[in-house]
Amino acid sequence: MKKIILFPFCFLFIFCSNQMKLNKGKDIDITYPQSYISAQKTKTVIKETIKNNTNNTYIIDPYGFYGESYTLENNKILKPYMYINEGYVSRNDRLCRETLIILKPKESILLSLVLNTNNKSVYKYSKTNKYEEVIKSLHNKYNATLLGCDDYIEELESKGYKVLEDSIVAKIPLIP
């Protein structure tokens, strides 16, 4: 009987230990599905679990997290090899309705987020060194409207929806 009771707890520990909560707030949980980031090219898109723990409906812009990110190599900041240059993107009303996440009360979804829209760095890695990705970013109404969507967000707020006010602070092991 004791073995049967302990068995589910073992799986629960294994399942939970492979995930990482990224955000600081308690209303919404943003969980990274792995305990590391792989720097290898892959066709698989990593999707975070976004869970609403409240009775409120939240607006989340998947491109609305802005802050600073950097990579540590053997516990020292690694200089980027190069930066990706991008032009300015502006969303119209149709794109806002397609891209903004409307997270209903107690809802949980799987979706890929840009954890820091400011991060445009490209790095070179060595198999022999230890790496970590440090992410510090903020999501709020200002950041959610940087690419447009002001009118659509105002419309949703008038219905009682709330824009997520939260931050991501994470140090994730990176495997080259």
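Descriptive notes on the structure:
- Region 36-142: radius of gyration and largest Cα-Cα distance (Dmax), Å: 16.4, 48
- Available extension along the chain between ASP93 and LYS130 is 8.9 nm, counting 0.36 nm per residue and deducting the alpha carbon span.
- Pairs with C-alpha atoms separated by more than 28 Å, drawn from the list LYS76/LYS162; LYS21/LYS76; LYS26/LYS130; LYS51/LYS124, are LYS76/LYS162; LYS26/LYS130; LYS51/LYS124.
- Distance in nm between pseudo-label sites at SER35 and TYR83 (7 Å out along the Cβ direction from Cα): 3.6 nm
Any read-out appearing in this document is the output of simple, stated calculations on the displayed coordinates, not a laboratory observation. All values derive from a computational prediction rather than experimental measurement. Cβ atoms come from the backbone with ideal geometry, glycine included; neighbour counts cover every protein chain shown.
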